[in-house]
Structure formats: structure tokens, C-alpha cells
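To start, the structure under review is shown below, and the notes come after it.
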Amino acid sequence: MNRPIKNATRTAVSVTGLRKAYGEKIVLDDVDLSIGEGEVFGLLGPNGAGKTTMVRILSTLIPPDAGTASVFGHDLHSEPGAVRSLIGVTGQFSAVDNLLTGEENLFLIGRLLHLAPTERRARAAQLLERFDLVESAQRTPATYSGGMKRRLDIAMTLMGRPRLIFLDEPTTGLDPRSRRTMWQIIRDLAADGVSILLTTQYLEEADELADRIAVLDRGRIVAEGTPEELKRRIPGAHLVLRFADAASLDAAARSLREGSRDDTDLVLRVPSDRGIRSLRDVLARLGDGIAVEDLSIHTPDLDDVFFALTGTPSKEQNQ
Amino acid sequence: MTALTLAIHDATTMIGRELKHTQRFPLLLVGTIMVPVVMLLLFDYILGGPIGHGLGNAARGAPYVDFLVPGILLMTVAASCGPTAINVNTDMTGGIIDRIRAMAVSRGALLAGHVGGSVVRTLAATIVVTGVAVLVGFRATASVLDWFAVVGILAALSFALAWLSAALGLVAKSVAGANGSTLPIQFLLPFLSSTFVPADSMPADVRWFAAHQPFTPVVESLRALLTGAPVGSTAYLALAWCAAIAVTSAITISAACSRNRRVTRRVTVATRPSMPSP
């Protein structure tokens with residue numbers, strides 16, 4: 001998505017030399033990070049890469065072993081209270097109270113934020129409306145779908161009007177439609193000027209939402225940049241053309257003049273960074289004379305990113 | 001607002017949450033009432049005859065039920081340990097604790113809410129159990145002042161045991177474990193005190209334990225207050241025990257919390273779900 005990069009004049013999050021280990025297992029290894037105000041920052045990595053630990057440290061839940069971190073200039077260690085009043089956290093595990101109704105959940109957070117009763121009610125009503133929860137406001141989350149629970153979770157996070165929101169895998173476990181809704185919610189938050197740290201396992205999601213992405217691998221940041229910069233570093237989308245015989249493969253390779261060929265599998269891989277236009281070009285150049293047995297389109301995924309950046313596939317890393 | 005009024009405000013909010021939980025899920029409260037009521041009926045109707053005959057001077061000529069009910073009130077308070085530990089553990093192992101800890105909420109408000117909610121719930125349960133006791137023939141000879149003292153001792157014990165159960169719920173790895181760890185408090189300690197029979201009638205080793213454990217002075221001061229016997233210093237001993245239990249538990253909780261801050265208890269989902277194309 002082509003949202004212009006905002007002018008990050010102030011820093012929302014600043015992290016230097018952050019380290020965290022549990023016993024022998026190093027979870028975060030000398031991580032530096034900077035998130036500008038109003039920026040959507042994507043932290044991309046597989047399970048066990050250290051994403052959740054990063055969020056837990058930045059939201060003051062656990063202290064780092066070494067390094068410093070600050071949120072809007074407030075040091076996490078010396079001013080945790082100031083940090084907590086500026087942040088909101090929505091984790092990958094539902095943080096709603098299952099015995100309270102949707103509305104009571106929001107009231108509870110409003111009370112803990114010490115909002116005046118009128119403001120508490122107004123804010124809750126507004127958020128229920130915004131997240132399409134008005135009809136289910138008087139029911140307990142036990143009756144909610146996964147997407148509704150996640151929306152209530154975010155509504156609770158927004159009760160305190162945080163200026164920085166941590167979204168830890170906000171779409172994991174959601175069905176495609178709820179995922180789309182969640183994406184729109186995140187875009188709306190960004191449009192309001194809220195700074196967001198989003199963790200995800202999905203390149204597509206980071207690409208869709210983030211202004212900048214950092215790729216986390218075994219506790220280290222192995223790449224950082226805009227989605228465009230990152231995608232330039234990985235093998236892009238390509239067409240996979242399969243032929244019936246070597247002669248057709250030869251003919252195709254001659255007329256296309258690009259791509260890499262695999263003579264044993266009779267396969268030609270042709271870059272197709274321009275989507276349908278690439279596809280149409282390739283088909284036009286092949287013409288009617290060359291018989292293509294099979295055609296598939298390969299788009300880069302997290303595995304490609306990981307393979308390109310670390311040389312190892314993004315298979316499960318041990319927790 | 002000062003830090004103290006904020007802390008009180010937050011604790012009150014969390015107590016309100018606990019009471020709402022009880023209202024939504026009353027099963028735990030019902031259990032807290034059922035256990036002592038069953039014990040009361042069992043000991044009064046089934047076992048009470050021979051026990052009552054064997055009591056001799058300890059009953060001071062009154063029916064066994066008058067001897068028994070102070071102990072049943074103690075069991076009512078003890079029975080609330082299970083629900084409290086379960087509630088604390090449910091919060092600690094769920095997601096809500098992280099949300100609250102990442103907010104500028106007074107530290108300890110959540111546990112204070114559990115303790116406060118537990119005391120209110122327990123006192124409500126003791127009122128119901130006292131009502132049942134009166135129905136089966138319990139007659140107290142206590143003055144209004146004595147009744148205030150009874151309520152005070154029950155509240156103090158409830159407060160102390162709520163902190164103890166909160167500590168047990170905090171360190172337990174699972175809800176079942178949290179409940180299990182309170183069973184000795186709910187059942188073993190009452191039986192090994194003068195709840196059902198005087199400690200004097202027990203074998204020597206058990207008698208020594210019964211005479212020196214916290215439930216005995218509690219039940220004996222309740223019994224003295226309710227039957228109009230001289231209370232002596234047992235009430236002070238009972239309150240001292242309650243204070244000791246509360247303070248020890250609070251220290252344990254504070255140590256456990258600072259340890260927890262260094263250890264994540266999260267279990268991350270082990271499989272990477274595939275990306276459905278939206």
C-alpha cells in the first residue's frame with residue numbers, strides 16, 4: 001500500500017542494545033529500534049523470534065537484562081508510570097474479562113483509568129459504536145466470535161486514548177473477513193496519528209499496514225526498511241512455466257530472454273513484478289506456437305524473506 | 001488525587017469486579033455455603049448423638065449443636081479459600097493481568113480486589129450458614145457486643161485466609177493446583193482443631209498440634225463469645241494468628257510478584273497458522 005511515509009519528527013519508541021535471556025536461551029540479542037511518532041512499525045518474524053518478548057519489555061511487563069528503552073522520551077525503567085499512561089497493549093491472547101459484559105469491560109478499564117463517570121460512559125458508548133459492538137454490549141464475551149473478542153480487546157486498549165499501541169499478532173487466529181476488518185481498524189488508528197508497533201508472522205500483513213518493517217530472527221534484527229526496500233532484497237514474484245519437452249523450453253527461453261531455467265524439471269521461472277501486466281507480456285511473447293503445460297504464479301512470502309535474509313528457512317524456531 | 005486515594009479507588013474498582021463475578025458465576029459462593037451446611041447437618045444429626053454424650057464438661061450442659069456451630073462458622077470462612085485461590089489463579093493465567101499491569105493502575109489493586117471480594121463473599125456465606133444453624137436448633141446466648149466481636153473475629157480470619165489463598169493462587173501453576181493447595185486449610189486444619197471435638201480428647205501428638213495451630217484459638221473464642229463463656233486471652237491469640245497469616249502471605253506475594261516480573265509464563269502457540277488470503 002502506498003501510504004506516504006509520515007514525517008517522523010518525534011520519536012515514539014527508542015531502543016538501544018536491548019538484551020533478554022531466559023537461562024541459556026537468548027531471546028533478544030542487542031536489539032536497536034526506533035519508531036517515529038505516528039508511524040506504523042512492523043516487527044516481522046516467526047514464532048520464537050522474540051516479538052512477544054519485545055512487546056512485553058516495551059509495555060513494562062518485564063525488564064530487559066541489558067540496554068535502554070524509552071517511550072516518548074520516558075525511560076521504561078525509571079518512569080514506568082509515565083510510560084503506562086501513554087501506551088495501550090493488545091496481545092495475541094485475549095485480555096478481556098469473560099464474566100463481565102462488553103460494556104462492563106470498558107467501564108472497568110475506564111474506572112482503572114480514573115475517568116469521570118460521564119466521560120467513562122461517553123467513551124464506552126463511542127467505542128462500542130466504532131467497533132460494531134453495540135448489539136452485543138450487554139452480553140459477556142463468552143458469546144462473542146474471535147473477531148468480536150479482538151475488537152472488544154482493542155476497544156479496551158483505546159479507552160485511555162493511548163499515543164502508542166502495541167498490537168501483538170492482532171490477526172493470528174482470525175478468519176479472513178475478521179482479518180480484513182482488523183486491518184481497517186489498524187489503518188484507522190494510524191490515520192488518527194497513533195503510533196503503532198505491530199508484530200506479525202505475515203509478510204503480506206506487514207507490507208499492507210506498516211510504514212517500516214524490521215525482520216526479527218532468533219532475537220536479532222536482520223533487516224530493516226520500508227516494505228519496498230525489503231521486497232527489493234528478496235526474490236520477487238515470478239511466473240513458473242512448465243513445458244512438455246525440452247524443445248518448447250528452449251523456444252520459450254529464446255523468446256522471453258529472461259528468467260532462470262531448470263532443464264531437469266522443464267521449468268522456466270520468469271520475474272513478474274508488475275502483476276497482470278507481466279503475465280500478459282509473457283503470454284504475448286510466447287505467442288500461440290509454444291505449448292505451456294502448466295503455469296503458476298509465485299508471490300514472495302515470509303519463507304522467501306527469511307531465506308533471502310538469513311539463509312535459513314523460517315521454520316519453527318525453538319522456544 | 002493522592003497515591004493513597006488512587007490506590008483505594010483502584011482496589012474498590014477491583015472489589016466491585018470481584019462481586020460482579022460472584023453475581024455472574026455464583027457456583028463458587030454456593031459451594032462455600034454447601035460445605036459447611038453439609039458438615040453441620042452431618043455432625044449434628046448423624047454423628048452428634050454420641051459426640052454430644054462424650055463431650056461432658058466441654059459442652060457446659062448445652063446441646064452439641066451449640067458446641068458445633070462456632071466450628072461450622074470457622075469452616076465457612078475456611079471453605080472460601082478454594083474460590084479465592086481459583087479466582088486469583090484464573091486471573092494470573094489469563095490475559096487480563098497483563099492488561100492491568102501495563103496500565104497506570106496501583107500495584108496490588110487486583111489482589112486487593114480479590115481479598116476484599118473474598119471477605120464480603122465470606123461474610124455473606126456466614127450469614128446464610130448462621131441462618132441454617134438457627135433453623136436446626138442453634139441458640140446463642142451472646143450479647144450484641146459479643147456478636148460484634150464474633151463478626152470481627154470472622155472478618156479478621158477471612159481477611160487473613162484471603163491473603164493466604166491469594167498467595168497460593170498466585171504461585172500455583174494451574175487452577176486445579178490452586179484449589180488443591182487450599183484443601184488442607186479447608187478440611188485438615190478444622191478437623192485437627194477443637195472445631196468438632198475438644199482438643200483435650202485427642203491423642204497426645206495431635207492434641208499438641210491442635211492446641212498450637214491458629215484455628216483452635218479462633219474457634220474457642222467464637223465458642224466462648226456465642227455461648228456466653230469467659231473469653232479470656234484466646235480472642236487476642238486468634239487475632240494475633242490472623243495478623244501473622246496476613247503479613248506472611250503479603251510478604252510471600254510481594255516476593256512472588258517481583259520474581260514473576262523476571263519470568264514470562266506465557267506459552268506461545270506452537271504452530272504457525274497459514275495465512276488465509278483475504
Given pairs A:Lys20/A:Lys51; A:Lys149/B:Lys20; A:Lys149/A:Lys231 and cut-off 22 Å on Cα-Cα distance, the over-length ones are A:Lys149/A:Lys231
What residue among B:Ala211, B:Ile245, B:Thr90 has its Cα farthest toward the positive end of the dipole of the range B:3-259, where the charges are +1 on Lys, Arg and -1 on Asp, Glu, each on the Cβ? B:Thr90
On C-alpha positions alone, give me the angle between the axis of helix B:64-79 and the longest principal axis of chain B, in degrees, nearest 10. 10
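Need one value for A:80-91: mean number of C-beta atoms belonging to other chains within 10 Å of its residues' C-beta atoms. Intermediate values should be presented prior to the final figure.
Working: counts 3, 3, 1, 2, 5, 2, 1, 3, 3, 6, 2, 5.
Other-chain Cβ atoms within 10 Å of each residue's Cβ, averaged: 3.
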What is the helix-to-structure angle for B:109-135, meaning the angle in degrees between its Cα long axis and the longest Cα principal axis of chain B, kept from 0 to 90 and rounded to the nearest 10? 30
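For the protein assembly as shown, give me the percentage of DSSP beta bridges that are antiparallel, rounded to the nearest 5 percent. Before the final figure, lay out the partial values.
Working: 34 of 52 bridges.
Roughly 65 percent of the beta bridges in the protein assembly as shown run antiparallel, per DSSP.
Quickly estimate the mean residue ellipticity at 222 nm for chain B, helices only: each DSSP H run with n ≥ 4 gives -39500 (n - 2.57), and the total goes over all residues, rounded to 500.
Details: 12 runs with 193 residues, N = 278.
Value at 222 nm, helices only: -23000 deg cm²/dmol.
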Taking only Cα atoms and a 10 Å spring cutoff, compute GNM fluctuations for chain B and point out the largest among B:Val88, B:Val129, B:Val231. B:Val231
Between A:Asp288 and B:Ala204, with labels modelled 7 Å along Cα→Cβ, what's the label distance in nm to one decimal, could you check? 11.4
On a 0 to 90° scale, report how tilted helix B:27-41 is relative to the longest principal axis of chain B, with both axes built from alpha carbons and the result rounded to the nearest 10. 20
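For a test of the definition: using alpha carbon positions, the gyration tensor, and the 1.5 limit on a/c, classify the range A:113-183 as rounded, prolate or oblate. Numbers along the way, then the final one.
On the way: a/c = 2.34, a/b = 1.40, b/c = 1.67.
It comes out oblate by the Cα gyration axes.
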Farthest toward the dipole's positive end in the range B:3-259, which of B:Phe196, B:Val37, B:Asn179, given Cβ charges of +1 (Lys, Arg) and -1 (Asp, Glu) about the Cα centre? B:Asn179
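Shape call for the range B:1-127 from the C-alpha gyration tensor, a ≥ b ≥ c root eigenvalues: rounded (a/c under 1.5), prolate (a/b greater than b/c) or oblate? Write out the running numbers ahead of the final one.
Numbers: a/c = 3.94, a/b = 2.65, b/c = 1.49.
It is prolate, given that a/c is not under 1.5 and a/b is the larger ratio.
Please find the FRET efficiency linking B:Thr248 to B:Arg24, where r is the Cβ-Cβ separation and R0 is fixed at 25 Å, and quote it to the nearest 0.05.
Values: r = 32 Å, r/R0 = 1.29.
With a Förster radius of 25 Å, E is 0.20.
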Could I have the simple spin-label model distance between A:Ile26 and B:Ile127, label points 7 Å from Cα toward Cβ, reported in nm to one decimal? 6.1
So A:Asp188 and A:Phe307, fully extended at 0.36 nm per residue minus their Cα-Cα distance, gain in nm 39.6 nm
Give the calculated FRET efficiency between B:Arg107 and A:Asp273 to the nearest 0.05, with a Förster radius of 45 Å applied to their Cβ-Cβ distance. 0.25
Once the Cα gyration tensor of the range A:238-299 is found, what semi-axes does its equivalent ellipsoid get, as square roots of 5 times the eigenvalues, in whole Å, sorted largest first? 17, 13, 10
First check a/c for chain A, with a ≥ b ≥ c the square roots of the eigenvalues of its C-alpha gyration tensor; if it is under 1.5, answer rounded, and if not, answer prolate when a/b is larger than b/c or oblate otherwise. prolate
Contact order normalised by residue count of the range A:11-231, Cα under 8 Å, 6+ apart, percent: 31
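Treat every Asp and Glu Cβ in the protein assembly as shown as -1 and every Lys and Arg Cβ as +1, leave all other atoms uncharged, and give the resulting dipole magnitude about the Cα centre to the nearest 20 debye.
Details: 58 positive and 56 negative charges, 221 e Å.
Dipole about the Cα centre, nearest 20: 1060 debye.
A short reminder: the numbers here are calculations on the coordinates, not readings from a lab. Please read these numbers as outputs of a predicted model, since none were measured by experiment. As a convention, Cβ positions derive from the backbone with ideal geometry for all residues, glycine included, and neighbour counts pool all protein chains shown.
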